[in-house]
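Notes for the one structure printed next.
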Amino acid sequence: MSLASTDTTLERLERRLYRTTRAACEAYALLEPDDHVMVAMSGGKDSYSLFTLLTKLVPRLPFPVRLTAVHLDQKQPGYDGAPLVAFLEKSGWPFEILAEDTYSVVTTHVKEGATYCSLCSRLRRGVLYGAAERLGCNKIALGHHRDDSLETFLLNLFYAGKLQAMPAKYRTDDGRFDVIRPLVDCAEKDIAAYAAQMGYPILPCNLCGSQENLKRDKMTELLNQLEKDNPNLRAIMANALRNVRPTHLNDLDVARAWFQAGGEDRRAPRAPAPEPVADGRRLRLIGVSNEDSER
Ligand code: SF4
């Protein structure tokens, strides 16, 4: 591939991701005047893309927003965060590297054969929340994208018996921060292609030796399989998360809250919107705090 065509593809990808990210930020009020946002950097493709897109978006906002990137060294064997540090230094944006041996805690406390991720995520969240408080951040930005949200939705539907995806924004259970997901409408394949073309120094994510998240992988496989017959499947599913009919579910609390908020009765079928129409109020109704759905 020639350099020119590579650049064109990169520009096109970046434009699409930037537009989608900006639209999500506007629709869900993810960035507001005088926010100080902690950008959680795992060193994976999603967090690098999130960081780049936010550093492009924030200077163009008509109000001040501060960003501080934060990365946690969890002391996994073979970990080397130097490439990420070099990337952040070069960016010129404020950042902080934390170190906490959550790896030892996890390997000591999790029974053999069980997956580490649940305890690991909880420990990591505690460290990050502590850092956010110390840095004076009121928001924490995570790199979850559309496909993460859809897989979480299916996992909750099939294994937990509840309708719950990943909202673009939610207040932490302790009320201290808003967690935001600016990439929530971005397709993973676009992010992967963008990250590859940007040449991000990705940190390997298998250092912990945790078993693969088999259930989540199955959801990815299922979606891939269904997408063969229906190429727009993921976009349609994502739109469904913005097109909830509280009157056609059997959760009376949801229906009551909907009517109390002045919602229309949606018994009449509606044609799906060609472009997703974000509606913060609807999302709040279904988007109960879902810290447990984080990986
Ligand atoms: S995969 Fe991620 S969340 Fe799971 S144990 Fe490893 S570092 Fe922790």
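Among residues other than Pro62 with Cβ under 14 Å from its Cβ, the summed charge is -2 (Lys and Arg +1, Asp and Glu -1). Summarising the amide proton neighbourhood of Ala99: residues at separation of 5 or more, or on other chains, whose placed amide H is nearer than 5 Å comprise Asp73. Label sites at Asp80 and Asp229, each approximated as a point 7 angstrom past Cα along Cα to Cβ, lie 4.7 nm apart. Determine the distance separating the Cα centre of segment 164-184 from the Cα centre of segment 1-77; give it in Å without decimals. Using only Cα atoms, the two centres lie 16 Å from each other. DSSP beta bridges fully contained in segment 3-214 are about 15 percent antiparallel. Over all other residues within a Cβ to Cβ distance under 13 Å of Pro33, the charged ones net out to -1, with Lys and Arg as +1 and Asp and Glu as -1. Modelled spin labels at Leu10 and Leu135, positioned 7 Å past Cα toward Cβ, are 2.6 nm from each other.
How many angstrom lie between the C-alpha centres of segment 110-138 and segment 185-257? Here the answer is 22 Å between Cα centres. For His36, the residues 5 or more places off, or on other chains, whose built amide H falls under 5 Å of its own are Arg66, Asn138, Lys139. Summing charges over all other residues whose Cβ lies under 11 Å from the Cβ of Ala193, with Lys and Arg as +1 and Asp and Glu as -1, gives +1. In terms of overall dimensions, segment 3-214 has a Cα radius of gyration and Dmax of 17.3, 52 angstrom.
Coordinate-derived values only; no laboratory data. All figures in this text were calculated on a predicted structure; none of them were measured in a lab. All Cβ positions, even for glycine, are placed from backbone atoms using ideal geometry, and neighbour counts span all protein chains on display.
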